[in-house]
Every structure is written in C-alpha cells, then in structure tokens.
Amino acid sequence: MNAPLELDWTTSNQHLLVAEFARLRALLGDGELAAAERQIDAMTRQMPAPAAIDTLVALFQLSDFERDILLLVAGVEMDARLASLCVANLSPGAGGHAHAPWANFGLALGVLPEAHWSALTPVAALRRWRLIEVDETAGLSAGRLRLDERVLHFIAGLNYLDHRLRPLLDPVPPAGLMAEPHRALAARIGTELRTHGGRLPVVMLSGDDREGQRDVAATLADALGVTLFQLRAADIPTAPHEQAALASLWQREAALLGSGLLIIHGEDDSASHAAALARFVPRIDGLLVLAGPTAPRIDTDSLHHPVDKPDAPGQRRLWHTAMGDRAGALGTALDGLASQYRLGARQIARCAAQIGGADAAQDIATLHRLSRSDARGIGELAQAIDARAGWDDLILPDAQRRALQQIAVHARHRITVHHDWGFADKGSRGLGIATLFSGESGTGKTLAAEVLANTLGLALYRIDLSAVISKYIGETEKNLRKVFDGAEDIGAILLFDEADALFGKRSEVKDSHDRYANIEVSYLLQRMEAYRGLAILTTNHKAALDTAFSRRLRFVVHFPFPDAGQREAIWRSVFPPGTPVDDLDYAKLARLNATGGNIRNIALAAAFLAAEAGTRVGMAHLLRAAHVEAAKREKSPSDAETRGWV
C-alpha cells in the first residue's frame, strides 16, 4: 500500500468533493449553481496539489462531461442528498431505484453540461479503463452506472493497489548490496529510457542472477521515479478475455500508482505460458521489465541486457563491502569464498548478516556453510557425500599424493592466478579443474575426492547417472545443465563415478539415436571445459573415454593397485580407535592381494563377526571375512595369501 497522502491535502480534497456534490445538486434543482461554482473555485485555489478527480482527468484525458459522470456516480455513494435527487430525477421506467438509488447515463445526458453520447462507448476512457461499469440489462441509457470501488476510493483520496491484483502482484523491495556493473547497467538503461521518444521499449534482463535482475529493475524504477511490482509469467491468464482484463486493470494501476511492472519468467514455464507472455507484453505501456534465464521472443521493441552473477573479483568486492569493518579480520579467507562459490549480491549480504564476529575461524566456517547451503537444481540429480576423510586416510604413492595436493593448490588459488594475474582475460575456456581418476575399483578414487572436498571445505556430489541420463531427446542435456549450473553456484565438487558410462567415445552415426548420443557427449565436453569448479571423473576403463577429453583435463591421476607396503599401511589405519582388536599381524594381512576398498569391506565384516561372538576382532574373523569378500568376485584367497593367519 502506498504511503498515505498528506492530511492537509486529504482535508482539502474532501472539501472540494463536498463543493462538487453541491454543484451537482444544483444541476438537479436543489441549490444555487453560481454559489456552488464560486465555492469550487475557492477550494481549488487552496489545494496544495491537484485534487484526486483532476488527477484522474489528467491521467486518462477525460472530458468535462466524463469528469461530471464520475462525480455524479461517486456522489450517489458518498452524498445522501445527491442520491435522493438522483432517485427523484430517474425516469419511471428505470426500475429498482426505490431500493437502491443510482444514476444512469440517461440522467447524466439530461442534467450535466456539455453532454456527449460517445462518453459511454466501450473504447472511450470511462469504460476502457474500467472507471465506470454499466448494467446493460435495462439498456445503455437506463442501466445503472457503477463506479469501480478502486476509483471511488481514489477520488476520496485513498490510493492503494487494487485488491483484485494483490494475489498476483508483489511489491519489489529496493536494492541493497549490488555489484557495481549491475548498478551501472541500471543507470545506463535509465538514461536510455528517459531520452526515448514515444512508447517505452521493453527491458529484457537475462542471465543466471535472478536476484540481481530484480535489483537492476528496482534500481531502474527508482531512477525513473516509479514504484515496481512483480508478476510471475505463469500467473498471466492464457484465456484472451481474462488476459485483456488483467492488462486493463494493470494499466489503470500503473497510472494511479505511478508504477512499473517486472515479469519473472523461468525455463520451466510451459509453452502455453510463454505464448501468453508473448501476447500480454504488447498490451502494456510504461515501464515493463522481463527477467529470466533467457530472453523470451516478443513482438515489440526491446532492450536486451545480460545480468549474470559477478565474477570472482566482483564477488570479492561484495564480500568486503558486506563484511565492512570485519573484513580485515578475515584476511584472505574472503578470497577463498569469492573463488569457490558463485553468489549474487543478495546472497552475499544474507550470509554476512548472519555472522557474529566473535571468532574469525568460526565466522569463516559459517560463511562456507551458508554459501553452499542452496543446492536447488542439483539435489534431485546428485547424491551429497559427507566428506570426512583426511590425508592420513589416503594411502597412495608419493607421486599420486603430490598430484592430489596440486589439485588442491589450483582450487585454492584460482582467484589469484585467473583474475589477479590475468589468465582469465585470455579467455574463459579451460579455467575449470577437470580431473580424471583412473584405476581399478577400490583403489581410492572416491576416497581421494572426499579428501579434496574436506581439505577445501567444499560440498561433494556424486552424479546419479540413472537420474541424469534420459531416453528422451534433449532431457539429458537439460539435466546436466541443472547439475553444472547448480554446482557452480555452491562451489561443489562434482564426482562422475564410472564416467565412461556418460563420457564414452562418440560413435559413427548410423541412425538418429547415434546422432543424439553424440550430441550429448559433445555437450558434456563443452560444459566440462566451461565449468569453473572442480569436476572429477573416475573410471576403471580409461581407454573407453572419448579422446577429446584428454586436452580438457588439467589433471590425470592413476590410482595403482596397492603394493604390500601400502596394503599394510591400509590395514593399520582401517580400524577406528574404538574397535577392540587382538594383536593382528599386519605384515601377514598385507600378503592378501586386495585394494583399499576390499580391505575396508573385510575389516567391517570381521567387526560384525566379532561383535556377534562377543570377542575382540582377531585374525580368524578376518580370514572368514576375506573368504566372504573374495566370493563376491567368485574366487578364493590363495593359501600363500592367508597362510599363518590362524
């Protein structure tokens, strides 16, 4: 609801209405017309601003006769003497007025000066803008004239959003923290619109920063001196007559409130909603902004501007602004937030507002948690992994360990190298950290991904191939786009387990299925190269991957089958401190040719056997568990591997 009008204006407006009603009573034979007109002139001179009825006249270009019709119908509602006079002057055939007084067009034509028949045509202002409604059951001239409730209150000095539009429209709050490019964009658009002659072009804002688009629209509206309301494209009626009624109501509100309209549309809007939007937009005059991930196709003049989330340096500036005096205590940790996550200004402001400021380390941990809390779009297509493993849990040769540590270094210092040192200025491709982990099952590929996620403080998501891959054309690409876009926002590490199933070699095109399968692989190649975060592909069959991936991979880490020394180290670390174990012979256990994953399965199964027996975990339990684990692969441990265990 708009701020209330000033009291002195409200009082003056009411006094002027009383004088106007006296003039109408005089026209109906009760009172002196000249005295009433002198009173109106005196009240008009005293008005600190134009009266509400005169504002209506100016906004909708009403004639004097149309002005008097509005006052006459308003007077029936607000002035009992005028209502009685209308009843007395209605023709006997009007019908029903004994129960509820009203005015009709015939009465207006008979008593009001400068009358003209065209005032009540559907294309004239009174009915076009729904200022007056006519009950035509008794004929156009004899039918009751009703003043729209919204217009009646406006004439009385009350200005608020029409109650019929409240379920559809929300006021857009003013922008708070904003990226400087977004603020500059709003200023440029405002300058262009102010100098534009005639009908204003539609402003189309596209990109991935939905809240940033809203802030640009709010800043633009503020610069133009109008309030802004938001409408979802999905709420636009598809039926032509309902859409016309909504457009008419909004156009009237835009004039009465001095407002602009922001329409939000999304990728999930149906084809019928997109068609309704395309038909609705040309009906709207004044400030109209369309915001969404893409620019819709509309048949009208438009200005198109992308509004994406700020790059890492832009986010760093926003973090420093949002944290204020506390930024210094957080040091370079804000660089990590800016490089790891892709947040808009409003998200950054919300995160900063929840920081207590008592402990810097705790504040940074909280900011990381808040920054990755919004997993919309990725949660349905991927499985979140609780990464708790550390470097001590990972038993690998020195070369592989150094490679993993280099991956962490690249992830940690992206903002410095890419932006501060200018590598991003050379092009956006290849700035992500696409990595391939190859090796047999159980050699530690997934565990290494957990270690990296835990080290970097990032969320880890395993892609659910059954949810991503679709038999319907185009759905796989759509699902992958949701995954990559959602992961970039929260800085997640993407883990494509058994990636050869999704990133396989492109085949010779023999039919349409081959062609679309190749399109899917090509799309994946492009997204992998453009992805700004860390994407890890794991495979047991490196040769099955498409060769085009090789140049897009920044790291390739082979996880070898562990040797005896590594297996012994794995055995020594596999049991948690709370597990009761006998004096185990780790050197003998290391003779078993098993990967780290197999060793963990054996240790877990042996622990259950010991728990059932009520004893400590011993070599006998491990021997039984080793045979069970080997049976899954349809083989048994050799005597040489298990000799001397019991």
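The set of residues in region 103-130 that are under 19 Å from Asp79 (Cβ atoms) and among the β-branched types (Val, Ile, Thr) contains only Val111. Just a yes or no: is a residue in region 314-329 assigned to a loop (DSSP other than H, G, I, E, B) and not assigned by TED's automatic domain parsing to the domain that holds Leu193? Within region 314-329, not a single residue is assigned to a loop (DSSP other than H, G, I, E, B) and not assigned by TED's automatic domain parsing to the domain that holds Leu193. Taking region 282-302 as the search range and keeping residues that are of a type outside the set (Val, Ile, Thr) and outside any loop (DSSP other than H, G, I, E, B), which one is farthest from Ala254 (Cα to Cα)? Looking at residues that are of a type outside the set (Val, Ile, Thr) and outside any loop (DSSP other than H, G, I, E, B), I get Gly292.
When the helices (runs of 4 or more DSSP H) confined to region 330-408 are screened for residues that are farther than 30 Å from Asp563 by Cβ, at pLDDT 85 or above and within 18 Å of the chain's Cα centre (by Cα), those reaching at least 2 such residues are found at 345-353, 360-371. Ala630 - would you say it is at pLDDT below 95, within 53 Å of the chain's Cα centre (by Cα) and not assigned by TED's automatic domain parsing to the domain that holds Ala543? So Ala630 passes the test.
Those residues that are among the hydrophobic types (A, V, I, L, M, F, W, C), farther than 20 Å from Cys351 by Cβ and in contact (Cβ under 8 Å) with a residue 60 or more places away in the chain, I need them from region 159-187; list them, please.
Leu161, Leu165, Leu168, Leu169, Val172, Leu185
With Leu152, Leu168, Leu145 as the choices, which residue is touching an Asp or Glu at 6+ places or on another chain (Cβ under 8 Å), surrounded by 20 or more Cβ atoms within 10 Å (Cβ to Cβ) and under 25 Å from Ala247 (Cβ atoms)? Going through Leu152, Leu168, Leu145 in turn, the sole match is Leu145. Taken together, Gly344, Gly357 contain a single residue that is at positive phi and outside the structural domain of Asn454 (by TED's automatic domain parsing), which is Gly357.
Residue-by-condition table, conditions (1) over 45 Å from the mean Cα position of the chain (by Cα); (2) farther than 24 Å from Ala88 by Cβ:
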| position | (1), (2) |
| --- | --- |
| Met43 | yes, yes |
| Pro48 | no, yes |
| Asp54 | no, yes |
| Gln61 | no, yes |
| Val73 | yes, no |
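Screening Leu168 on (1) farther than 30 Å from Asn13 by Cα; (2) at pLDDT below 95 shows it passes everything except condition (2).
Screening the candidates Asp68, Asp8 for the property of being surrounded by fewer than 21 Cβ atoms within 10 Å (Cβ to Cβ), in contact (Cβ under 8 Å) with a residue 24 or more places away in the chain and of a type in the set (D, E, K, R) yields one hit, Asp8.
Within region 302-314, the set of residues being out of contact with any strand residue (DSSP E or B) (no Cβ under 7 Å at 6 or more places or on another chain) and within 29 Å of Ala233 (Cβ to Cβ) comprises Asp308, Lys309, Pro310, Asp311, Gly314.
Only one of the numbered conditions (1) free of Cβ contacts under 8 Å to residues at least 40 places away in the same chain; (2) closer than 19 Å to Tyr461 by Cβ; (3) surrounded by 18 or more Cβ atoms within 10 Å (Cβ to Cβ) is not met by Ala352, and that is (2).
Restricting attention to region 188-208 and to residues that are in contact (Cβ under 8 Å) with a residue 60 or more places away in the chain and among the small types (Gly, Ala, Ser), the residue that is farthest from Leu262 (Cα to Cα) turns out to be Gly207.
Give me a count of the residues in region 177-187 that are over 17 Å from Gly260 (Cβ atoms) and touching a helix residue (DSSP H, G or I) at 6+ places or on another chain (Cβ under 6 Å). Break it down stepwise before answering.
First, the residues of region 177-187 that are over 17 Å from Gly260 (Cβ atoms): 177-184.
From the residues that got through so far, the ones that are touching a helix residue (DSSP H, G or I) at 6+ places or on another chain (Cβ under 6 Å) too are 177-179, 182.
Residues meeting the conditions: 4.
Looking across region 212-254, the residues that are surrounded by 19 or more Cβ atoms within 10 Å (Cβ to Cβ), charged (D, E, K, R) and within 30 Å of Glu488 (Cα to Cα) come down to Arg214, Asp215.
I'd like to check something: does region 255-266 contain any residue that is loosely packed, with under 15 Cβ neighbours inside 10 Å and either at pLDDT below 90 or in contact with a Gly (Cβ under 9 Å, 6 or more places away or on another chain) (or both)? For region 255-266, residues loosely packed, with under 15 Cβ neighbours inside 10 Å and either at pLDDT below 90 or in contact with a Gly (Cβ under 9 Å, 6 or more places away or on another chain) (or both): present. The set of residues in region 567-599 being in a loop (DSSP other than H, G, I, E, B) and of a type in the set (Ser, Thr, Tyr) consists of Thr579, Thr595.
Residues that are modelled with pLDDT under 90 and surrounded by 20 or more Cβ atoms within 10 Å (Cβ to Cβ) within region 297-327 comprise just one, Ala312.
The values are calculated or read from the model by the stated rules, or taken from the named source; none is laboratory data. Remember, predicted model here, so these are calculated numbers, not experimental data. When we count neighbours, we look across all protein chains shown, and the Cβ atoms used for this are built from the backbone with ideal geometry, even at glycine.
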